[in-house]
Amino acid sequence: MTELAAVKSALKTQAVETPSWAYGNSGTRFKVFAQQGVPRTPQEKLEDAAKVHEFTGVAPTVALHIPWDKVDDYAALGRFAEEHGVRLGAINSNTFQDDDYKLGSVCHPDAAVRRKAVGHLLECVDIMDATGSTDLKLWFADGTNYPGQDDVRDRQDRLAEALAEVYERLGENQRMLLEYKFFEPAFYTTDVPDWGTAYAHCLKLGPKAQVVVDTGHHAPGTNIEFIVATLLREGKLGGFDFNSRFYADDDLMVGAADPFQLFRIMYEVVRGGGFTPDVAFMLDQCHNLEAKIPAIIRSVMNVQEATAKALLVDQEALAAAQRGGDVLGANAVLMDAFNTDVRPLLREVREEMGLDPDPLGAYSRSGWGEKIVAERIGGQQAGWGA
Ligand code: AOS
Ligand code: ZN
Ligand code: ZN
């Protein structure tokens, strides 16, 4: 297979998971600007997600969030998804919006609250059994706001105990993906603040525990691609929550703020052999100003463009320049790939997949946006900013 054919083949098999909450109304802590036509039910979120997959061809699964996507019959929801051409993906837990969790959930000083939180996590695994999901995504808002508020070591012990119980519950083909975040909503300590803490817990738990890198969850200037390369090398990169940031966890369209950083991340994924189903490429975004579905289509396209550029890096020439200590030469090899306009290549790939080469134009011409505004009165809030 020629190199270009191999690149095209890889791009055709790429899968980007879209999050159910990105289709609903969401906002910042200051305001939710409600949009017309947004989904009122998990089923309508899946209908919208199906449109993203219909026009991009590479968004076949949809991450659910519990309780935002709670239904009576998850197997039926899975069938509904498949009838619309998509499948249910990761199950995202929520231990950050219940009043009981003010001082934390699995790290809370009160054992009864910790019990309630673990109960929710175990319920999420039950839901995975019903949906056939393989991934349980765990993000804990747990932390403290003041020195002395709680004992940071005790909180790590409580976290480890909770994770171990949930880990034991996981089925054969299930895994837990532990996501870190350097601050917010806690401001003095966060109990899973960085990749090292997440990695240490996952290492202790075992092979079914891996780390999720949310690209908005690092201090400014962090070299995220170094973290990606290291986690991949250790077999502990479970996946990504892709989004963009200018200041903090802004949850903007991935690749919109820093396409070069996204390219460097995808290069380390390709270089480290992470371009496999074992690494979940998920979006985790909130579209406060822009129309939701086109924004998610654009996000998927941004991931495709960064991936295509990463796949075009001449790795042999790069390795030779690196071995020879040719600083400028090595940098030039990487920059040649980054500076390649891959949009014609991606248009070809879409045509070969039987798709319109212009996903955004095709979506706009489909009339779906107008249809849902006309039919869906009273859209649901995603859960954020609720
Ligand atoms: C929160 O900041 C995290 O990014 C979470 O991953 C995400 O927003 C959550 O999974 C949705 O519940
Ligand atoms: Zn996230
Ligand atoms: Zn986040």
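Some observations on this one:
- Close Cβ contacts (under 7 Å, 6 or more residues apart or on different chains) running from residues in the range 280-292 that are within 15 Å of ligand 3 (Cβ to nearest atom) to residues that are open to solvent by 10 Å² or more (accessible area, probe 1.4 Å) and among the hydrophobic types (A, V, I, L, M, F, W, C) comprise 285/252; 285/253; 286/384; 288/33.
- Some residue of the range 72-88 being among the aliphatic types (A, V, I, L, M) and surrounded by fewer than 18 Cβ atoms within 10 Å (Cβ to Cβ): yes
- Among the residues of the range 129-151, the ones that are over 24 Å from residue 227 (Cα atoms), open to solvent by 20 Å² or more (accessible area, probe 1.4 Å) and not in a loop (DSSP other than H, G, I, E, B) come to 3 in all.
- The set of residues in the range 152-168 being open to solvent by less than 10 Å² (accessible area, probe 1.4 Å) and either farther than 14 Å from residue 138 by Cβ or within 14 Å of ligand 2 (Cβ to nearest atom) (or both) consists of 155 alone.
- Qualifying residues in the range 17-65 (those that are within 16 Å of ligand 3 (Cβ to nearest atom) and either among the β-branched types (Val, Ile, Thr) or closer than 23 Å to residue 351 by Cα (or both)) - the one surrounded by the most Cβ atoms within 10 Å (Cβ to Cβ): 18
- Any hit, the range 95-116, residues being within 16 Å of ligand 3 (Cβ to nearest atom), modelled with pLDDT of 95 or more, in contact with an Asp or Glu (Cβ under 7 Å, 6 or more places away or on another chain) and not in a loop (DSSP other than H, G, I, E, B): no
- Check on residue 248, within 16 Å of ligand 2 (Cβ to nearest atom), modelled with pLDDT of 95 or more, in a loop (DSSP other than H, G, I, E, B) and farther than 15 Å from residue 21 by Cα: no
- Members of the range 259-309 that are of a type in the set (D, E, K, R) and either in contact with an Asp or Glu (Cβ under 6 Å, 6 or more places away or on another chain) or surrounded by fewer than 23 Cβ atoms within 10 Å (Cβ to Cβ) (or both): 264, 268, 271, 278, 284, 290, 298, 305
- Evaluated against (1) closer than 23 Å to residue 164 by Cα; (2) more than 16 Å from ligand 3 (Cβ to nearest atom), residue 211 falls short on exactly one condition, (2).
- Close pairs from the range 188-202: first in contact (Cβ under 8 Å) with a residue 40 or more places away in the chain, partner open to solvent by 30 Å² or more (accessible area, probe 1.4 Å), Cβ under 6 Å, at least 6 apart: 188/145; 188/146; 189/152; 190/183; 193/182
- Check on residue 171, surrounded by fewer than 23 Cβ atoms within 10 Å (Cβ to Cβ), under 30 Å from residue 80 (Cβ atoms) and away from ligand 1 (no atom under 16 Å from the Cβ): yes
The values are calculated or read from the model by the stated rules, or taken from the named source; none is laboratory data. Note that this is a predicted model, so its numbers are computed, not measured. Glycine also receives a Cβ, built like all others from the backbone with ideal geometry; neighbour counts cover every protein chain displayed. Please note that ligands, DNA and RNA were not included when accessible areas were found on the heavy atoms of the full protein model with its side chains. Shrake-Rupley method; radii C 1.70, N 1.55, O 1.52, S 1.80 Å.
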